[in-house]
1. Once the piece of chain linking ILE54 and ALA14 is laid out straight, how much longer is it, given 0.36 nm per residue of separation minus the C-alpha distance between them?
2. Just to confirm my understanding: which cysteines in the chain have no other cysteine beta carbon less than 4.7 Å from their beta carbon?
3. Compare the Cα positions of GLY39, SER70, ALA119 along the charge dipole of the stretch 1-127 (+1 at Cβ of Lys, Arg; -1 at Cβ of Asp, Glu; about the Cα centre) and return the one farthest towards the positive end.
4. How long are the semi-axes of the equivalent ellipsoid of the stretch 36-89, defined as square roots of 5 times the Cα gyration tensor eigenvalues? Whole Å, largest first.
5. Probe 1.4 Å, all protein chains in place: accessible area of CYS160 in Å², nearest 10?
6. Rounded, prolate or oblate: which one fits the stretch 70-128, using the alpha carbon gyration tensor with axes a ≥ b ≥ c (rounded when a/c is under 1.5, else prolate when a/b beats b/c, else oblate)?
7. Grab the eigenvalues of the alpha-carbon gyration tensor for the chain, scale each by 5, take roots, and send me the semi-axes largest first in whole angstrom.
8. Can you show me the helix-derived [θ] at 222 nm for the chain, built from DSSP H runs with n ≥ 4 at -39,500 (n - 2.57) apiece and divided by the number of residues, rounded to the nearest 500.
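The values are calculated or read from the model by the stated rules, or taken from the named source; none is laboratory data. Quick caveat: nothing in here was measured; it's all calculated off a predicted structure. Please note: Cβ atoms are built from the backbone with ideal geometry, for glycine as well, and neighbour counts cover all protein chains shown. Surface accessibility is based on the protein's heavy atoms, side chains included, excluding ligands, DNA and RNA. Shrake-Rupley method; radii C 1.70, N 1.55, O 1.52, S 1.80 Å.
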Amino acid sequence: MLTETTSRAPAHRAAATQQEFRNAMARIAATVHIVTTDGEHGYAGFSASAVCSITDTPPTVLVCLNRGSSAYATTVGNGIVCINTLAADQQEMSAAFAGKTPMPERFSHGSWTRCEGYAPALDGAAMSLHCKIIGSSTVGTHDVLLCEVLHIDDRDIETCLLYYQRRYHALSS
Ligand SMILES: Cc1cc2nc3c(=O)[nH]c(=O)nc-3n(C[C@H](O)[C@H](O)[C@H](O)COP(=O)(O)O)c2cc1C
């Protein structure tokens, strides 16, 4: 049954506050990824939970990237990314790629496979999506990167790392 709720959300109401919004978003459980890039603009990587499927025709995902991130210019300049979905035992990688640390230090964690023309793939990740950035849209502080998936390396790992209520959680199927 639909109840009348318009009185709770009048048109003139201001937007939710930043804190209300952050608290609400903490309720959305999300897998954690290390998004990497490599190319003529150098290499970089950052932790990301804002990754989402758009369509399978053509296979496309979105990644939201803070324009203030030290990884921003390199990622957008190279135009390619590898989205590495973390397994449950890779929490350390998320911390390593979310801090204000230089790129060589970030990549000193874990072991990486580098193929010509692709961004670094993280060994032991549940899967790696090799993508080409085909467009973007700016929303406030972030760019929404539209990424066409060119190659999928699914390692059939039956666990993943979730970020929920500001904490990590291990999930296994
Ligand atoms: C679990 C988690 C999820 C994150 N998700 C995103 C994201 O989707 N997009 C983003 O731009 N930053 C995200 N961040 C923050 C970046 O990883 C972090 O700000 C960045 O790597 C560090 O900024 P810097 O490179 O400028 O030092 C996330 C951090 C954590 C811990």
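1. 11.5 nm
2. Cysteines of the chain left without a disulfide-compatible partner: CYS52, CYS64, CYS82, CYS115, CYS160.
3. It is SER70.
4. Semi-axes from the Cα gyration tensor: 19, 15, 11 Å.
5. The accessible area of CYS160 comes to roughly 20 Å².
6. It comes out oblate by the Cα gyration axes.
7. 30, 19, 17
8. The helix contribution divided over the chain gives -3500 deg cm²/dmol.
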